[in-house]
Each structure stands twice: as structure tokens, then as C-alpha cells.
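Step one of this worksheet: look at the structure below.
A short reminder: the numbers here are calculations on the coordinates, not readings from a lab. Just so you know, these numbers come straight off a predicted model, no measurement behind them. Positions of Cβ are backbone-derived with ideal geometry, glycine not excepted, and every protein chain shown enters the neighbour counts.
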Amino acid sequence: MSRRRLPVIPEAALRDYSSSERVPAVWRRLKVELGARSPSSRRSPLTWAWAPALATVIFGSGVFVGARFIRPQALPGLRAEPPALAARPAGPAPTQNTAEPEALAPQAKALPARGRRATSAGASTAEPLSFTASESAPYVASAPAPTPEWQRLVEVGDFVGARRALDQLGGFDVAMAHASPSELMSLVDIARASGERGQAMRALRQVVSHPEAPEAPLAAWTLGNLLDQAGDGPGAAQAFALYRRLSPTGDFAEDAAARQVDVALAAGNAELVTQLVEDYARDFPHGRRLGEFRRAAAALALRGRDAGPKVEGARDEPEDDNDESQPAQSATPAPAPSTDTR
Amino acid sequence: MIPGTGAPADTRGPESAAEDEKLVARARQSDLAAFEALYRRHAGFAMNLAVRIQGSANDAEDIVHDAFLRANERLSELREGAAFRAWLGSIVVRLVRTRLRRRRFLGSLGLSAPEPIELDAIASPNADPESRVLLAQVYSLLQTMPADDRIAWTLRHVDHHRLEVVATLTDCSLATAKRRILRAQRYLSERFVAPFAEAES
């Protein structure tokens, strides 16, 4: 080895994502989000100047209605907190609603766009007190907060903040329970940023349980990498096999097939290696590592004949494949991996 | 897919910029089809940019997604529609820089392991072994550099942008862009070790 002037990186050596399957996949996500936004969301921030004024008017209306039509003595539910009421006599005190549910009906009708929670609040007086009150308070009803805080923070790259926001909402698992595949991928980012590999893998598994989701192939690939890094070769091989099933002509299809062979080689499973190398040769006749795999498979078969089932140092990887590969795998014993080949 | 969508920002002709200008004007009027056309023209470029700067494809989709979302929200702030591509590129660069810095910060606190370089995400499947070795070594060195220097050098020497374009994309002056690139170049040259076979020849 010697030090030398840095060579030029040729353009042809770089992968081009122009025709990648990822491009239409991202558009599908974008289209949904853009379709859900009103045209006014593209306007200058100044165009939202009317929003505080509107909020003030709505709040003022609430204050007026509260001061004018609601008498404190008519609110038996407030006996427990008289000082609080006295402190803000004109405010839209939450318990007003329980005493006079009919007075709330116009407000609930005036805010139909609040969705299911507003509807349920207006529909039933049997709802818990706090829920009914907070949902029908005018300033809460007008707050535009459809995106959870943690998602907003992920969007700006604040993973620490996102983790904190998640914890306040009940934690990672609670968010995971009703997250869409796209949200799950955001959760994966949060988990990986905070070093929670286990959480990331659980979220990824949940994504791949929706094979129709556009995120599923990428989730399978990422899961394979994480399992590989965790030393779970058979699990990684299964994830890579899943990637190939979900995206047979995907960006990483060849790499996924190669990683399956790597795992089988590391496990010293000659029969499986032979089969996987055949698959690799069939699907990628000009595969980058085909020659290497054929030599390794032949050597493994030869050693298997000479020395029985025990194989050491099965992986014969060239020095150029220094991705996040698995240095410890060649030292693992040789259990028969439950690899799903295709 | 329109050919050449992954080309650097400064290699497209004036017709292409004029077409962008028309599409931006229509997209400002909430024309989703026009915005989709803009997306299809430039998504490859944005994806290439994200992957090449990061050295991995892990979050590239999210970055491209977020970049176009922001672009859509802020189209009114774009003064010249013809400059859409460079403007989009600067959004992508900002998003990637935020992620790189955050990861580095978390790493310094021991809260996060460094993101591994994904050689297969960077290198073309047809790249020769020498190029792969070169990319592997360069990217492993880039990982140890400050984000701004790394980004500027990558834009100049990996994505092959002109200096002015690098300055635009990184939102800094030409002098600062040059300084960053030079600093990174010096750092890499001092540490780069030629592959064994090449050194012998």
C-alpha cells in the first residue's frame, strides 16, 4: 500500500437512481399527502395572518356566551373548584358543558370538520366529563393539529425530540400499534437514531407484514441489514429473501441474493449454498460476485467431502465488498439455516 | 421516466429550464399534474444527491419525500421557476446535513452508532472493482469529516457540480464553498492510500 493522489471518481461508477423503483414509490406517498392538502397550504405564511384573528373571535364568542348565559350557581359540578372559576369568570370553563349540554350543540355543529372525536363529543352526554368538555371548547376545536408532534419532529430531523414526544404519548409501542407503514418507517428512524435496534426491527417486521405497502421492500432490506449486524444470519437471509420476493427487480435484488449466499456460506451449508448460487446465476447471469460464489461453493463442497460437515472460513469475499458485512459470521458454527430461498 | 433526470443541476439545457419555469408556474396554481411532472423530472437527481452525500440509501426516500413536500409548500418563495432544480437540490442538501449532524451529535454522546456506508447503494452495479475500492475508501474517510466539508466535496468531486452550483446547493458563498472543498481535498489526499495493486504498478 502507498499514499497517492486521490483519483477522480468516474460518473459511470456511481449508481443512478433516475429509473429506480424508489422514485414512483415516493411519488405515491407524496401524492396522497399533497391531495390531502388544500391549495391554500402552498401560499405564503403571511396568508395565514387571519388565523390568530379568527381564533380571537372564536375565543371571544366563547367568553361572551359564557359570561352572558351561564350562571355559576347553575353549575353543581363546579362546587369542588370555586376559586378556579372565580379566577377566570369569563372563560369557557370545561364543566359548563356538562351542566347545560344543549348549550353546546351549536358549537359542536359549527365545527363538523373536527372528525370523529368532535362528533362523538357532541353526540353523547354520557361521555366522560373531561373528554366532553375539552373537545367542545372552541379554541381547542379550531387548533389545526392533525400530525402528531413526533412526526413533525422527525420531518425536521429532530429524532431526540421525536423520541421525547413519543414517550409523552405513551411510548414507542403505543405509536407503533396504530401506525401506517409510512409512519412505521419514521418510527424506525427514531429507533435507529436512539440506538434501539430491537424497536427498529419490530417496526420493520410490522411494515413487512403489509407486503402491499410500497415501504415493504425497503423495510425487508433494512431488516436484513439490522439482523445481519445483530449476528442473526438465518434471520437476515430470510429478510433478504423476502426483499427479493417483494421486489424481484429492485435496486438491491442482486445484493440481497448475494447476501443470502454469504449467510449460507458463513453457516457452511454446502447444499444450500449450491442451490442459492444456482439461483443467483439464473437471476443475475452477469452478477458481480458470480465467479466468487462458484469458487466458494466448489471449495465448500470439496471440503465437505474431505472433512465432513464442518467448514471453516467459508466466506470468501473480495476486499472491495466492505459494506456493513458480517465479520463474525464466518466463525459461527454450522446450524442448518431456515433460509427461505425464493 | 424522462432520460437524464439524475444528471447534475448544471448539465441541463436552457429548454429544460424553460420547461421547469412553465411547470412551476402551473404548480403554483395548485396544478398537481404539473407538480408531478416536476417530480418526475427531478426526483432522480434528488435521490442521487441524497444517497451520494449520505453514503447510504437508508433515509434517501424520506429525504426526497420531505424535500418535495417542502418545495410544494414553498413554491411561492421561488423567484425564478427556471431555478427549480438547484433550489430543490439546496433543500435536499439541508435535509441531509441536518441528518448527518444529528447522527454525529448522537454518536458523540454514545447514543448512536455511525451509519455504515452502503457501497452497493453508492456504486453502480457495473462499476469495476477498482472503482468500488476507491469509493469504499473515499466514503469511509468522508464519514470522519465535518458535515459541511463532506457535503461540499461530495457535490464537487462525486456529483461533479460546478463550484457555483456547489455554493448554491450548500447555501454559502463561492469562497466558502471553495475553502470547504479544498480543506476536504487536503484531508482526503493526506489519508488516501492507493490500493495495493495500483501502488505496485
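Listing for the model above:
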| item | result |
| --- | --- |
| Built amide H within the under 5 Å cut-off of residue B:194, gap 5+ | A:2, A:3, A:4 |
| Gain on full stretching of the segment that runs from residue B:70 to residue B:16 - 0.36 nm per residue minus C-alpha separation | 17.2 nm |
| Length added when fully stretched, residue B:40-residue B:109, from 0.36 nm per residue minus Cα-Cα | 20.9 nm |
| Inverse mean reciprocal Cα-Cα distance (Kirkwood Rh) of the stretch B:98-201, Å | 15.0 |
| Alpha-carbon Debye profile of the stretch B:65-107, log10 I(q)/I(0) at 0.18 Å⁻¹ | -0.55 |
| Choice from B:111, B:169, B:134 showing the highest fluctuation, given a GNM over chain B with Cα pairs closer than 10 Å | B:111 |
| Shielding of B:50-59 by partner chains, average beta-carbon count, 10 Å | 4 |
| Sequence of B:32, A:242, A:184, B:155 once ranked by neighbouring C-beta atoms within 10 Å, starting from the fewest | B:32, A:242, A:184, B:155 |
| Positive-end extreme of charge dipole, the stretch B:100-153 - chosen from B:140, B:109, B:126 (charges on Cβ) | B:109 |
| Burial ordering of B:190, B:21, fewest other beta-carbon atoms within 10 Å first | B:190, B:21 |
| Nitroxide proxy distance, nm - points 7 Å out along Cα→Cβ at residue A:249 and residue B:140 | 3.6 |
| Inter-probe distance in nm under a simple model that places probes 7 Å from Cα toward Cβ, at residue A:55 and residue A:178 | 2.5 |
| Amide proton proximity set for residue A:14, modelled H, under 5 Å, gap of 5+ | B:124 |
| Cα-centre dipole for the stretch B:100-201 with unit charges at Cβ (Lys and Arg positive, Asp and Glu negative), debye to 20 | 620 |
| Burial ordering of A:58, B:91, fewest other beta-carbon atoms within 10 Å first | A:58, B:91 |
| Pairwise FRET efficiency - residue B:192 versus residue A:197, Cβ, R0 = 30 Å, nearest 0.05 | 0.40 |
| Fluctuation leader among B:85, B:101, B:191 - chain B, Gaussian network, Cα springs under 10 angstrom | B:191 |
